[in-house]
Amino acid sequence: RQSSNSMFPPEGYKTVFPETMRHLGGENPNLIRAAHELTCKFIEHMSPEQIIQATPEMLRQAQETLSIGSTKNHTETMKCGMKIASDLAEKMQEQFAPYFPQWYEMLQQIMIGDNIEALGAAVTTTSSMALAIGRGHFEPHMKQAMRLAERSLSCNDHPQVQSAGIFFFASMCELLGTDTETAMPTFVDYLINSIRDTNLYHLVTAKAENAGADLAFEIGEDNKEKSSEQNNNEATMDADDEIEVDDRINPHEDWHLDTNNIDKVSTAVVALDFINNNAPMVVVPHLIKALDVLMLTLPTPSQEISWAVFDCVQSLFNIGMLYIKEHPENMELNLQLKTAAAKMNSMSVSIIEHDDNLGTVARAVRLIGTLIDMFGTASLAEGVDEKVMDSTDNLLHGMTQAQYQYSEMLKIQPSPKGESAMNTVRVAAVEMVIELMKKLEPSRALTLFTPVDKTITAFIQGGYLNAGLIGRLMQILANLGPNAEPLMPSKFPLILEALKDEKDHAVRKAAVEGMAYMLVQAPSLVVGGAVDGVDRTAQILPPILSVATQRPYVEDGSPPDPDAQSAFSHGMVTALWLFVARHTRGSHLPGDTAAKIQSAADASLYATLQSMPFEGEKYSLSVSACLALERLFDRRDPTLMRAFNELGPALTRTVERLNLPETPLTADDPQDDLKPEDRQRVANFLERVRAFTPPAM
């Protein structure tokens with residue numbers, strides 16, 4: 001029966017599939033290759049029912065293809081057979097386990113054979129199958145498979161085969177997790193040495209030298225096995241080895257990039273990141289050595305390596321910080337990490353200034369922000385804070401000019417929601433500026449920010465009212481605190497425009513969220529201040545109240561825009577903090593404005609209590625509402641006292657929600673962004689409310 005989930009029409013499938021299988025077992029290599037490609041497409045788009053039904057026939061024909069290739073020593077034909085089996089394993093996952101032993105026997109024969117290229121394909125296939133069926137099914141074969149795959153790491157003249165071996169052992173790390181250190185005690189060192197010793201360039205008349213293998217494998221209780229005798233110690237590093245830059249490129253010679261070695265190095269870096277993610281404690285003894293070697297690869301003409309290095313470096317610093325938090329007594333490692341961070345930030349600034357690849361630049365910018373967040377100004381060598389801001393200003397200015405020219409050339413209007421590579425870099429750059437502003441002394445921060453501020457403002461004023469930019473700009477102003485007052489005359493109209501934007505819900509949400517942050521961190525910039533003699537509070541109150549009191553709906557009953565719904569939730573919390581500001585800065589408010597805030601509280605506070613906790617939002621939004629309510633409670637706010645019967649149930653629901661297992665908003669965006677003390681503070685507030693008897697109204 002044809003499944004409705006399949007992309008293949010019933011009659012076409014019945015006709016094409018058998019014919020494809022027939023050619024897989026034929027003699028013509030070209031037809032075999034074409035049939036293999038079509039079979040892989042079948043596997044990709046078949047329904048689960050079709051896969052289960054067709055697997056025996058596909059594997060039988062794939063085995064026949066592999067056998068024909070082996071008999072004729074035709075590597076490409078052998079690869080076709082292995083690729084089909086590998087794709088099936090990845091599609092079926094654990095359901096492939098019954099077929100694995102038979103296929104592993106065939107793969108073993110290839111791995112001990114003389115065909116080196118086929119060896120690499122067999123190692124890759126074994127990796128894919130092992131990941132698909134899982135550790136439980138693969139473990140009986142793991143030790144032997146590792147012994148066989150070790151051979152691929154010694155193929156110094158075949159970097160692609162070495163890459164296959166590296167991928168295999170990285171896959172074993174994913175399966176082994178924390179057992180990696182016991183099973184493969186020297187693999188991390190091997191990866192570091194491979195990255196260090198592999199030359200990305202080669203003379204057209206000479207081969208580059210590559211790293212050799214030196215691995216020891218120990219699994220389970222048997223810890224006596226050591227590395228194979230045929231593997232020498234060429235690439236090993238002692239703990240005291242000094243890592244020096246080896247400049248092998250003479251400008252008077254004809255050097256070319258070696259694409260095979262690029263693949264090998266990028267695979268080694270990705271493999272190291274595999275271990276970072278699956279067995280981080282295994283990497284801790286190698287942290288500084290790994291960081292030093294990775295930094296030696298930069299800058300590199302290979303985008304693939306650059307991206308992998310930045311991702312891996314960030315993982316290594318994350319591991320280091322977690323370790324330091326658990327072992328604060330390790331002052332030496334803490335100092336080494338700060339030194340490495342300063343070195344990495346200086347290098348990242350240079351890459352921002354000179355690299356044309358926006359993806360690489362985005363990673364460099366993000367890493368600077370991360371390291372500043374981790375280590376503060378200790379991650380910046382003397383004068384580098386100014387270089388960071390100058391390079392950021394040049395970067396933003398250059399992209400703004402390029403985007404204007406592009407828009408003019410095409411005669412199109414700027415797009416406020418453009419998710420281009422430029423916008424990715426731009427938002428990352430502003431986030432990095434935020435982190436730096438937090439760490440610098442306020443007057444120094446204002447001095448360095450002023451040139452960047454002009455560029456960001458010019459971009460927004462040019463029609464690119466981007467949600468990411470307006471929200472982050474408001475964070476910067478809040479972090480500058482009262483020092484930002486000279487900037488407010490030019491910024492407040494942009495903020496007000498975003499708060500009133502009823503067409504772009506993402507922009508409005510970002511502005512409302514940013515306003516809450518400003519009210520918490522720097523209320524004097526908003527409440528009681530004036531622009532051109534006009535009270536700011538009176539101007540922001542109507543759009544905030546509009547967002548906070550108008551629940552989004554769609555006439556046909558379909559779900560409202562998620563950004564509109566989120567803006568509604570954030571608007572209610574922002575309104576709460578505005579009510580708090582009425583108490584803390586009431587003396588700075590004109591009488592009529594204070595009265596309007598009180599009226600707004602009467603209109604919205606009851607509905608806010610009934611809406612808590614805020615579903616579909618990060619936990620911190622509900623906590624922010626609770627903290628604002630606690631401030632109002634401490635002031636015995638009359639509106640809150642009138643709605644007191646709703647306060648206890650709202651807090652109870654919130655505490656219960658915060659203690660439930662997390663449901664991520666997206667794969668990369670966790671909903672639970674709280675610290676333990678956040679939960680405790682809300683729980684303590686609830687106990688205070690339960691013990692309180694409100695006055696008679």
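The values are calculated or read from the model by the stated rules, or taken from the named source; none is laboratory data. Since this is a predicted model, take the numbers as computed values, not measurements. Backbone-built Cβ (ideal geometry, glycine too); neighbour counts: all protein chains shown. Just so you know, the surface numbers come from the protein's heavy atoms only, side chains and all, with ligands and any DNA or RNA stripped out. Shrake-Rupley method; radii C 1.70, N 1.55, O 1.52, S 1.80 Å.
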Next on the checklist: Under 6 Å between Cβ atoms, which residue pairs at least 6 apart in sequence (or on different chains) link something in the range 309-335 that is free of Cβ contacts under 8 Å to residues at least 12 places away in the same chain with a partner that is assigned to a helix (DSSP H, G or I) and open to solvent by 10 Å² or more (accessible area, probe 1.4 Å)?
Outcome noted: 334/324
Checklist entry - Listed residues 301, 280; which is closer than 20 Å to residue 167 by Cα and out of contact with any Phe, Trp or Tyr (no Cβ under 6 Å at 6 or more places or on another chain)? => result 280
Next on the checklist: Being surrounded by 14 or more Cβ atoms within 10 Å (Cβ to Cβ) and of a type outside the set (Ser, Thr, Tyr) is the requirement here; does residue 643 meet it?
Outcome noted: yes
Next on the checklist: Just to be sure I understand the filter: pairs with C-beta atoms under 6 Å, separated by 6 or more residues or on different chains, first member in the range 682-697 and loosely packed, with under 15 Cβ neighbours inside 10 Å and part of a loop (DSSP other than H, G, I, E, B), second member among the aromatic types (Phe, Trp, Tyr) and at pLDDT below 90. Which pairs pass?
Outcome noted: none
Checklist entry - Taking only pairs six or more apart or across chains, which ones have beta-carbon atoms under 6 Å, a first residue in the range 378-397 that is open to solvent by 80 Å² or more (accessible area, probe 1.4 Å), and a second residue that is in a helix (DSSP H, G or I) and at pLDDT 85 or above? => result 387/349
Next on the checklist: For the range 94-122, give me each residue that is open to solvent by less than 80 Å² (accessible area, probe 1.4 Å), assigned to a helix (DSSP H, G or I) and not hydrophobic (A, V, I, L, M, F, W, C).
Outcome noted: 99, 101, 104, 108, 120
Next on the checklist: Please determine whether any residue of the range 290-307 is in a helix (DSSP H, G or I), under 17 Å from residue 170 (Cβ atoms) and open to solvent by 20 Å² or more (accessible area, probe 1.4 Å).
Outcome noted: yes
Checklist entry - Looking only at the range 56-88, which residues are out of contact with any Ser or Thr (no Cβ under 6 Å at 6 or more places or on another chain), modelled with pLDDT of 90 or more and of a type in the set (Gly, Ala, Ser)? => result 85
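Check 391, 315 and return the single one that is of a type in the set (Ser, Thr, Tyr) and within 18 Å of the chain's Cα centre (by Cα).
Values: 391 fails: within 18 Å of the chain's Cα centre (by Cα).
After applying the criteria, what remains is 315.
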Checklist entry - Does the range 507-519 contain at least one residue that is of a type in the set (Gly, Ala, Ser), part of a helix (DSSP H, G or I), open to solvent by less than 50 Å² (accessible area, probe 1.4 Å) and at pLDDT below 85? => result no
Checklist outcome for this item: Log entry, pairs with first residue in the range 68-82 being part of a loop (DSSP other than H, G, I, E, B), second being open to solvent by 10 Å² or more (accessible area, probe 1.4 Å) and of a type in the set (Val, Ile, Thr), beta carbons closer than 8 Å, six or more apart or on different chains, reads 74/68
Next on the checklist: Give all pairs with beta carbons closer than 6 Å in which a residue from the range 616-632 that is free of Cβ contacts under 8 Å to residues at least 60 places away in the same chain meets a residue that is buried (at least 22 other Cβ atoms within 10 Å of the Cβ) and among the small types (Gly, Ala, Ser); count only pairs at least 6 apart in sequence or on separate chains.
Outcome noted: 617/569
Item to check | Selection count where residues are part of a helix (DSSP H, G or I), farther than 13 Å from residue 76 by Cβ and open to solvent by 30 Å² or more (accessible area, probe 1.4 Å), scope the range 25-53 | outcome: 8
Checklist outcome for this item: Restricted to the range 560-593 and to residues being under 12 Å from residue 541 (Cβ atoms) and aliphatic (A, V, I, L, M), the residue surrounded by the fewest Cβ atoms within 10 Å (Cβ to Cβ) is 589
Checklist entry - Assuming residue 620 fulfils every condition listed in (1) within 18 Å of residue 545 (Cα to Cα); (2) at pLDDT 80 or above; (3) part of a helix (DSSP H, G or I) apart from one, which condition is it? => result (1)
Next on the checklist: For the list (1) more than 21 Å from residue 514 (Cβ to Cβ); (2) open to solvent by 50 Å² or more (accessible area, probe 1.4 Å); (3) assigned to a helix (DSSP H, G or I), I need the number of the one condition that residue 605 fails.
Outcome noted: (2)
Next on the checklist: I need the full set of residues from the range 123-155 which are of a type outside the set (S, T, N, Q), part of a loop (DSSP other than H, G, I, E, B) and more than 16 Å from residue 176 (Cα to Cα), in order please.
Outcome noted: 155
